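Quick notes on the structure that follows.
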Amino acid sequence: MARITAGIGCSHVPAIGAALDQGKTSEAYWAPVFEGFNWTRDWIAGETPDVVILVYNDHASAFSLDVIPTFAIGCAESYAPADEGWGARPVPIVRGCPDLAWHLAEALILDGFDMAIVNKMDVDHGLTVPLSLMFGQCTAWPVTVIPLAVNVIQYPPPSGRRCYQLGKALRRAVQTFPQDLNVQIWGTGGMSHQLQGPRAGLINSAFDQAFLDDLTRDPNGLASKAHMEYLRYAGSEGIELVMWLVMRGALGQEITELRRFYHVPASNTAVGHIVLQPRSDGDRYEGFAAPGTELGVPDVR
Amino acid sequence: MTFAPEYHDIPGTTVFDGVQCRRGYHLNQFCMSLMDPANRDRFKANEPAYLDEWPLTEAQKAAVLRRDYNGMIAEGGNIYFLAKIGATDSKSFVQIVSTMTGMTVPAYTAMMVGGGRSTQGQLSKRQNALAADESEQ
């Protein structure tokens, strides 16, 4: 049986990727950011999953304004790093996990989540910066990845509640996949930031710390937070934080917070990071039969 | 009575909603075309000619040519699309974003290193107006 063994939240600021690619990680400005991820880099080296379900948003790289999927799941064999206007990042091709991805797509759709299925797309900094933060510079990523893209650019994004529920459905779907796979789920983006208009540069550390507290202790309450609150208090781009609720929903109720890090700034943004571990599979959901796992003889009389 | 979404109350902020999407569709799609290196070269070689290939308003074209990011946002641009113009200009996100605040890059960077822009006076136009009225009395 596949199982979700950990959840990671982290920002995906593009300048972090650029700093890494250009060898600036020990500069005074960047050192505190990268040092903040040292613990996790050591930890994940011993806990490397087979698959990462990576919840992120595309930044006008794969999806133009022609088609704007609210939730999209990548089912491809691989994904190339996108050229976002300055050439593609010099990072490895991202290997997909189409067997599990298709299982998740089918299970989620039949469970009430109308996912868009993506068979070909490039992936931008939203997906590759978190991989770089966890695995550093490498010639091949040590994990396969299932990209789960959430629209947070075109208003309105899905509600925090819907994201949290999607996480719960992902947990059910992973647990009905027969192959023994170690799966992590990462929620990325945020924390407070605003990239446009005279209010650009807004940072709200109190909001961010409360978000991290609630993510651990009261995710159900946090899921009720309205879009207006994110926009007003965390900045127009701070609304990316709803993606962390997908991650949290997939971990079950009982979790242990292993690691937390918070730093201002990276470029225009507050950097947040959290590592959460489910305490058990005790709340495993049994009432849902995934496609292809039904047993027995069909009644065809 | 005119309906105005609640997020219009946030100072200095344009939420990219359906109205903005309709207004800026072609502007944003033009930006997206700059993901292709060949298009970036053509744009840099002759910006007005490249812009004329797109059904943009004169105000949109002028804002692009001036690199007036607040102007582009007002004309329906979305920052993640507009960032392709900045990337084509070899500008960082800080260099792009600071232009919208009326601050120099060093002053903006210093503000960010100091913890970012405070929320003080930045949360609600109505609240700011009330506070201004009270201080007059």
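The values are calculated or read from the model by the stated rules, or taken from the named source; none is laboratory data. Owing to the predicted nature of the structure, the values given are computational and were not obtained by experimental measurement. When we count neighbours, we look across all protein chains shown, and the Cβ atoms used for this are built from the backbone with ideal geometry, even at glycine.
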Worksheet item: Of the residues in the stretch A:205-260, how many are outside any helix (DSSP H, G or I) and of a type outside the set (D, E, K, R)?
Response: 12
Worksheet item: Does A:Val174 satisfy the condition of being away from chain B (no Cβ under 14 Å), more than 26 Å from A:Trp43 (Cβ to Cβ), buried (at least 17 other Cβ atoms within 10 Å of the Cβ) and touching a residue at least 12 places away in the same chain (Cβ under 8 Å)?
Response: no
Fill in: Index of the failed condition, A:Gln209 passing every other in (1) over 20 Å from A:Ile153 (Cα atoms); (2) in contact with a helix residue (DSSP H, G or I) (Cβ under 8 Å, 6 or more places away or on another chain); (3) at pLDDT 95 or above; (4) not basic (Lys, Arg)
(2)
Response to the item:
Note on the stretch A:177-196: residues away from every other protein chain (no Cβ under 14 Å) and in contact with a strand residue (DSSP E or B) (Cβ under 9 Å, 6 or more places away or on another chain) are A:Phe177, A:Asp180, A:Leu181, A:Asn182, A:Val183, A:Gln184, A:Ile185, A:Trp186, A:Gly187, A:Thr188
Worksheet item: Is there a residue in the stretch A:272-282 that is modelled with pLDDT of 95 or more, in contact with a strand residue (DSSP E or B) (Cβ under 7 Å, 6 or more places away or on another chain) and within 14 Å of chain B (Cβ to nearest Cβ)?
Response: yes
Worksheet item: What is the number of the single condition among (1) in contact (Cβ under 8 Å) with a residue 24 or more places away in the chain; (2) among the hydrophobic types (A, V, I, L, M, F, W, C); (3) in a helix (DSSP H, G or I) that B:Leu123 does not meet?
Response: (3)
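Let's see how each residue does on (1) more than 17 Å from A:Pro147 (Cα to Cα); (2) at pLDDT 95 or above; (3) buried (at least 16 other Cβ atoms within 10 Å of the Cβ):
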residue	(1), (2), (3)
A:Trp30	yes, yes, yes
A:Gly36	yes, yes, yes
A:Ile44	yes, yes, yes
A:Phe63	no, yes, yes
A:Ile73	no, yes, yes
A:Asp83	yes, yes, yes
A:Pro90	yes, yes, no
Worksheet item: Listed residues B:Leu56, B:Leu34, B:Leu27, B:Leu65; which is touching a helix residue (DSSP H, G or I) at 6+ places or on another chain (Cβ under 8 Å), hydrophobic (A, V, I, L, M, F, W, C) and surrounded by fewer than 15 Cβ atoms within 10 Å (Cβ to Cβ)?
Response: B:Leu65
Discussion item. Among the residues in the stretch A:214-225, are any within 14 Å of chain B (Cβ to nearest Cβ), at negative phi and buried (at least 20 other Cβ atoms within 10 Å of the Cβ)?
Written reply: no
Fill in: Filter result for the condition that a residue is surrounded by fewer than 22 Cβ atoms within 10 Å (Cβ to Cβ), facing chain A (nearest Cβ under 9 Å) and within 25 Å of A:Pro32 (Cα to Cα), over B:Ser124, B:Ser92, B:Ser98
B:Ser92
Worksheet item: Mind checking which residues of the stretch A:29-55 are free of Cβ contacts under 8 Å to residues at least 40 places away in the same chain, more than 29 Å from A:Lys168 (Cβ to Cβ) and not hydrophobic (A, V, I, L, M, F, W, C)?
Response: A:Tyr29, A:Glu35, A:Asn38, A:Asp42
Worksheet entry | A:Gly46 being more than 11 Å from every other protein chain (Cβ to nearest Cβ) and farther than 18 Å from A:Gly187 by Cβ | yes
Response to the item:
How many residues of the stretch A:231-245 are charged (D, E, K, R) and under 19 Å from A:Pro219 (Cα atoms)? The answer is 1
Fill in: Selected residue (criterion: surrounded by the fewest Cβ atoms within 10 Å (Cβ to Cβ)) from residues of the stretch A:108-127 that are among the acidic types (Asp, Glu) and within 15 Å of A:Arg162 (Cα to Cα)
A:Asp114
Item to complete: Give the stretch A:147-168 a look and list any residue that's away from chain B (no Cβ under 14 Å), of a type outside the set (D, E, K, R) and over 15 Å from the mean Cα position of the chain (by Cα), or say none.
Response: A:Ser159
Worksheet item: Which residues, counting only those in the stretch A:228-257, are within 14 Å of another protein chain (Cβ to nearest Cβ) and in contact with a helix residue (DSSP H, G or I) (Cβ under 6 Å, 6 or more places away or on another chain)?
Response: A:Met228, A:Tyr230, A:Leu231, A:Tyr233, A:Ala234, A:Gly238, A:Ile239
Worksheet item: B:Gly76 fails exactly one of the following numbered conditions: (1) assigned to a helix (DSSP H, G or I); (2) in the same structural domain as B:Leu27 (by TED's automatic domain parsing). What is the number of that condition?
Response: (1)
Worksheet item: Taking the stretch A:94-111 only, how many residues are free of Cβ contacts under 8 Å to residues at least 40 places away in the same chain and not aliphatic (A, V, I, L, M)?
Response: 2
Worksheet item: Restricting attention to the stretch B:1-24, and to residues there that are surrounded by fewer than 16 Cβ atoms within 10 Å (Cβ to Cβ) and away from chain A (no Cβ under 11 Å), which single residue is nearest to A:Gln196 (Cα to Cα)?
Response: B:Ala4
